[in-house]
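Note sheet for the following structure.
The values are calculated or read from the model by the stated rules, or taken from the named source; none is laboratory data. Since the model is a prediction, treat every value here as computed from it, not as a measurement. Positions of Cβ are backbone-derived with ideal geometry, glycine not excepted, and every protein chain shown enters the neighbour counts. Remember, those area values only see protein heavy atoms, side chains included, never the ligands or the DNA or RNA. Shrake-Rupley method; radii C 1.70, N 1.55, O 1.52, S 1.80 Å.
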Amino acid sequence: MKKYYLHKELTNFKINYEKELNPEQYAVVMHPAGPMLVLAGAGTGKTRTVTYRVARLIEAGIKPENILLLTFTSKAANEMMRRVDLLINRNVKGLWGGTFHHIGNMILRRHCLLIGYREGYSILDRGDSKDLFDICLSEFKNIGSFLPKGSVLCEIYSLMKNKEVSPEEVIRLRFPHFNDFSEEIKKILAIYDRKKHSLNLMDFDDLLANWKKLLLTHEDIRGYYSSRFTHILVDEYQDTNKIQAEIVDLISSTNRNLMAVGDDAQSIYSFRGANFENILKFPERYPDVTIFNLTVNYRSTPEILNLANNSIINNIKQFHKQLHSIKASGALPYLIPLKDVFQQSGFVAQKVVDIYSEGTPLSEISVLYRSHYQSMELQMELQRRGIPFEVRSGLKFFEQAHIKDVLSFLRVVVNPYDELSWKRILKLIPGIGNVTAAKLWDAMHKSESPLDAIFEMGRLVPRKAIDGFNLFLDLIKRLKGDHDHIPLQPSSAIELILRNGYEDYLYSYHPNAEERIEDIEQMKRFAIKYISLENFISELSLQSASGGEVEEADEDNERVILSTAHQAKGLEWNTVFLIGLNEGRFPSSRSLNTEHEEEERRLFYVAVTRAKEELYLCYPVISEDWHALGFLRPSRFIRELHGEVYEEITVVDGSKENEDINELY
C-alpha cells in the first residue's frame, strides 16, 4: 500500500511552524501521513491549522495538484487557499479546493459520458428543480391539489438522495402530512428523474450521487483519482452526509492520507441530512487513525468555557474533550428567570442599551434563540426603542410571507376595500392567479360591501379552482361572524385561518411548514391581549413600519444581531444573549419527539460558545397561552448545570405579580 511520509529533518521549511502554532496545532501540521481525525473544538483555530497543514505539505514537496481540500462553502475554500498563498508566498492555483458539489462537477464534466450523460449537461438550481417538479405534477390532474408542490418535493428528493434512504422513510419521518400519498410521490420522483436524464440535466444532489456512481462503477477512474490525490483534507467533517463520507472513503482508498477536521460537539445539521455517525465512527473505518484534539480556545473566557464543558459532558455519544481558555478570567455567565416573553424582551433591550453605553459596539452584541418565532416580541421591543438590529434567522417577523398572508385575511374583515389584501389571499387558492384575482376584485369593489359581494362571484372562478374557492368562502363567512354577537377576537380569528385551509396550504407549498406554523402560533399568543381586530392590526402595522432595522447595504452602521443558534455557528460576539431557554422550546418539543436530545444539547453548546466575554441565559417562567396558563419549566440544559458555573439574577419590575414570581426562585 502506497503512502507518502513527510519528515521535518529532510525539509528546509521557510515557515517557523513551531513558533507560529500552539503545540496541539503543531502536532497536526507536522504529522507525517496516514488517516488523521482532528477534533477541533470551538474557537481553537481550526482554519489556521488546516491552512498551515496545506502550506506544510507544499513546502515538503507535495505538488498542489495532488492535494484535495473539501469544504462546505466556496468562501471557506477560497479563504484557506488565499491564506496558503500568503504563507508560502506563491500561487497554489493547481490545488483542488472547493465544495463537494464544485469538485464533483469538475470530475463529472470530464467523465459524464461514462454514466449515460451527454457532454455539456446543465445544472439545475433549487428554483429550476422546483419548476421541473411542478411540471411533473401536471401529470396528476385528478389528485394534484392534494400532493406536495415543487418546493416540498425538492426537499423530499434531496433528503432521499443524500441520506440514501427510500422516499417512504423521508415522508414518514419528515413529511407525515403526506403519508397517504407516498406511492404517488414516488411516481413523481421517478418522472422527475426521467425528465432530467432525457433533457441532459443534473441537480445539486445528482452531482454527489453521480460522482459516487462514477467511482463505484469505473474502477479505473476511481484508481486514477485516488492515486492522484496523495493528500485529502475535509473541513467540517461532522457535517458530511452519508454519500459525502462514502465519496471521501473511495477517493482516499489508495494513499489513505486523509485528514478529517471537525467537532462532534458541533454536529447540529441532521435536518439537512448530515450524519453524526460519520465522525463518531471514523476510527472504526480507519483503525490506524491518529486522533488529535484542539482544545486551546482563543475566543471565550474561562467562565464561559466552564459552562460549555459542564453542559456537553452530559452527552453520551461523543469524543470527550475539555476546552481551555487562554484569556483572562471574566464574569460568570448570568442566568435570568423572567416573568414572561415581554419582560424577557424588555430586559434584553435595556441590557443592550446599558452595554452599548459602556462602550461595546452594537455589532458585538447578539441575541440567539432556538426558533425564529421566539424573536417576535424582541423585534417589536427593539423597534419601539429605536435600537437598530439585523435579523439573520430570516426576514423581520412581520415581513414574512406567511405572517402577511394571515394578516391579509384579518385586514379584509376590518377593511373590505383593501385591494392588496384581497388579491393576496385570493391567489392562495389553487387555480387562481393574477388575472382571476383582478377580475374578482373589479367585480367586488363596485358593490357597497365587497365582503358580501365575494359570495356572489363564483361565476368568475375557473372550474379547477371552484372547490378551493368554496372553502375560502366558508372561512370568510366564519371570520365575518354574526354581527349580533361579540366580534371574533384576534387570537380566535388567527386560529380559524390556520386550521381551516392555511395549515394545509403551508404543508403543500413549503418544506419548513412546521416552522411557519410556529410563527403563526406565536402571533396568536401575542394577539391574546387584544380584543379588537382593528386595534390588533393597527398595532402590528405601526410596529412593522416603525423602523429600527438598519439597511443591510449600510455596512457602516452598527446593529444588534438576531439569529437562530443554527445560523450562528462559526460566528462570535463579545456579548451573547440566549433567550427562550424553556423545556419544549430549547430543546424543541419536536426534536425531543424524534430522539434528538443530544443534538439539541450540541446546539446549546454551539450557542454558548459564540460568546467571548459575556453570556446571558434567559427564560420566561409564565406561559402566555390563554389555554395553558401556568409555569414554564426551565430547559433541561439549564437544570443540569452545576450552580457554580453561573450567577443567577432576579429581575424585579416593581409589580406585585412579579414579586410573587420572584419568590419561587
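Worth pointing out:
- Taking only the C-alpha atoms of segment 24-108, Rg followed by Dmax gives 12.7, 38 Å.
- Here the simple spin-label model places points 7 Å from the Cα toward Cβ, and for residue 463 and residue 478 these points are separated by 2.9 nm.
- Here the extension length gained between residue 558 and residue 74 equals 171.5 nm, from 0.36 nm per residue of separation less the Cα-Cα distance.
- Compared with the rule-of-thumb size 2.2 N^0.38 Å for a compact globular protein, segment 295-436 has a Cα radius of gyration ratio of 1.54.
- Summed over the residues of the chain and divided among them, the accessible surface reaches 44 Å² per residue at a probe radius of 1.4 Å.
- Long-range amide H partners of residue 367 with built H, under 5 Å: 561, 562, 563, 577
- Cα-based values for segment 185-226, radius of gyration first and Dmax second, are 13.0, 39 Å.
- Tilt relative to the chain, helix 401-414 - C-alpha long axis, 0 to 90 degrees, to 10: 10 degrees
- Reference-scaled alpha-carbon Rg (2.2 N^0.38 Å with N residues) for the chain: 1.07
- Inter-label distance, nm, simple model (7 Å from Cα along the C-beta direction), residue 187/residue 417: 5.1 nm
- For peptides 444-451, 61-68, 361-368, sequence by mean Cβ density within 10 Å, most packed first: 361-368, 61-68, 444-451
- Cα extents for segment 60-113 along the principal axes, largest to smallest and rounded to whole angstrom: 39, 24, 14.
- One quarter of the surface of the convex hull around the alpha-carbon atoms of segment 178-258 equals 7.2 nm², the direction-averaged projected area.
- Karplus (6.51, -1.76, 1.60) ³J(HN,Hα), θ = phi - 60°, over segment 262-278, in Hz, Gly and Pro reported as x: x, 9, 4, 6, 10, 7, 9, 10, 4, 5, 8, x, 4, 10, 4, 5, 4
- Within segment 1-143, the ratio Rg/Rh, alpha carbon atoms throughout and Rh by Kirkwood, equals 1.14.
- By average C-beta atoms within 10 angstrom, highest first, the peptides 457-470, 37-50: 37-50, 457-470
- Spin-label model distance (nm) - residue 173 vs residue 456, 7 Å beyond Cα toward Cβ: 5.6 nm
- Ranked by the mean number of other Cβ atoms within 10 Å of their residues, highest first, the peptides 419-427, 115-123 fall in the order 419-427, 115-123.
- Apportionment of accessible area to carbon and sulfur, the chain, percent (1.4 Å): 50 percent
- Extended-chain gain in nm, criterion 0.36 nm per residue less alpha-carbon gap, residue 504 and residue 354: 49.5 nm
- Legend: Rg and Dmax of segment 353-420, from Cα coordinates, 15.9, 50 Å.
- Ellipsoid fit via the Cα gyration tensor, segment 81-161: semi-axes of 39, 17, 9 Å, each the root of five times an eigenvalue, largest first.
- Intensity falloff of segment 138-218 expressed as log10 I(q)/I(0), Debye formula with alpha-carbon point scatterers, at q = 0.11, 0.24 Å⁻¹: -0.31, -1.24
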